[in-house]
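S.K.: I have a structure I would like to understand better, so I am pasting it below and will then ask my questions one at a time.
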Amino acid sequence: MRVPVSWLRDYVSFDTPLPELGELMSMTGTKLEALHRRGVPRGLELYRVGRVLTREQHPNADRLSLCTVDIGTGDPQQIVCGASNFEAGATVAVALPGAVLPDGTELRVAKLRGIESHGMMLSERELDLGQDHAGIMLLPGD
């Protein structure tokens, strides 16, 4: 059975590092077979919820969009995106330059077909929250 650590914290307060907690649980007779980490490994401050302000055709690529995304810092970010399952007004997950994705990829400002992209709109799989990679993860508007 898989049990999220957040469920354990609903019943017991602890600050023990997870590997050590696993050893303690095994010593009590609760066999722990594996620890599974989900989501982003570190640098959560570089992940934001954003609202797509504009989505236009990339001037140098048929399958890319040039978007401006409000990430709550005052200045919208220019992001180039290859997904097509969203429009202006969508609420999306965004990783900013410097963020490390769960697969170990570190994002940086990138030039895609001559246009700078200052971040990445993310799919469930890129956040390690699911297997959907058909498009970006669309969040509820509120």
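S.K.: So what is the calculated 222 nm ellipticity per residue for the chain, using -39500 (n - 2.57) for each DSSP H run with n of 4 or more, over all residues, to the nearest 500 deg cm²/dmol? Walk me through the intermediate numbers first.
M.R.: Numbers: 2 runs with 17 residues, N = 142.
It comes out at -3500 deg cm²/dmol, rounded to the nearest 500.
S.K.: For helix 18-27, what angle does its Cα long axis make with the longest principal axis of the chain, in degrees from 0 to 90 and rounded to 10?
M.R.: Here the helix axis deviates by roughly 30 degrees.
S.K.: Quick one: which of 95-103, 26-34 comes out on top by average Cβ neighbours within 10 Å, and what's the full order, highest first? If you can, show how the numbers build up before the last one.
M.R.: Values: 95-103: 16.9, 26-34: 8.9.
Highest mean packing first, the order is 95-103, 26-34.
S.K.: Hey, any idea what % of the chain's accessible area is carbon plus sulfur with a 1.4 Å probe?
M.R.: 51
S.K.: Okay, next question. Please calculate the 1.4 Å probe accessible area of Arg125, with all protein chains present, and give it to the nearest 10 Å².
M.R.: Probe radius 1.4 Å; accessible area of Arg125 about 120 Å².
S.K.: With the crude spin-label approximation of a point 7 Å out along Cα→Cβ, what separation in nm comes out for Glu33 versus Asp128?
M.R.: Placing both labels 7 Å along Cα→Cβ, they lie 2.0 nm apart.
S.K.: With an 8 Å cut-off on Cα pairs and a minimum separation of 6 or more residues, tell me the relative contact order of the chain in percent.
M.R.: In percent, rounded to a whole number, it is 20.
S.K.: Another question about this same structure. Quick check: from the Cα gyration tensor, does segment 65-142 come out rounded (a/c under 1.5), prolate or oblate?
M.R.: Since a/c stays below 1.5, the shape of segment 65-142 is classed as rounded.
S.K.: OK, next. Please turn the phi angles of segment 102-113 into ³J(HN,Hα) values with the Karplus equation 6.51 cos²θ - 1.76 cosθ + 1.60 (θ = phi - 60°), one per residue in order, whole Hz, x for glycine and proline.
M.R.: x, 7, x, 5, 9, 7, 9, 4, 10, 9, 10, 6
S.K.: Given a 1.4 Å probe and heavy atoms of the protein chains only, how would you sort Asp62, Asp75, largest accessible area at the top? Write out the running numbers ahead of the final one.
M.R.: On the way: Asp62 145, Asp75 110 Å².
From most exposed to least exposed: Asp62, Asp75.
S.K.: Here is a further query. Tell me, what is the per residue accessible area of the chain in Å², probe radius 1.4 Å?
M.R.: On the way: 9570 Å² over 142 residues.
Heavy-atom accessible area per residue stands at 67 Å².
S.K.: If you line up the Cα atoms of the chain on their principal axes, what length do they span on each, largest first, in Å?
M.R.: 62, 29, 27
S.K.: Using only Cα atoms, locate the centre of segment 1-62 and the centre of segment 81-116, then give the distance between them in Å, rounded to an integer.
M.R.: Their Cα centres are 21 Å away from one another.
The values are calculated or read from the model by the stated rules, or taken from the named source; none is laboratory data. Please read these numbers as outputs of a predicted model, since none were measured by experiment. Heads up, the Cβs are rebuilt from the backbone with ideal geometry, glycines too, and the neighbour counts pull from every protein chain shown. Ligands, DNA and RNA are stripped out before the accessible areas are found, and what is left, the full protein with its side chains, is counted by its heavy atoms. Shrake-Rupley method; radii C 1.70, N 1.55, O 1.52, S 1.80 Å.
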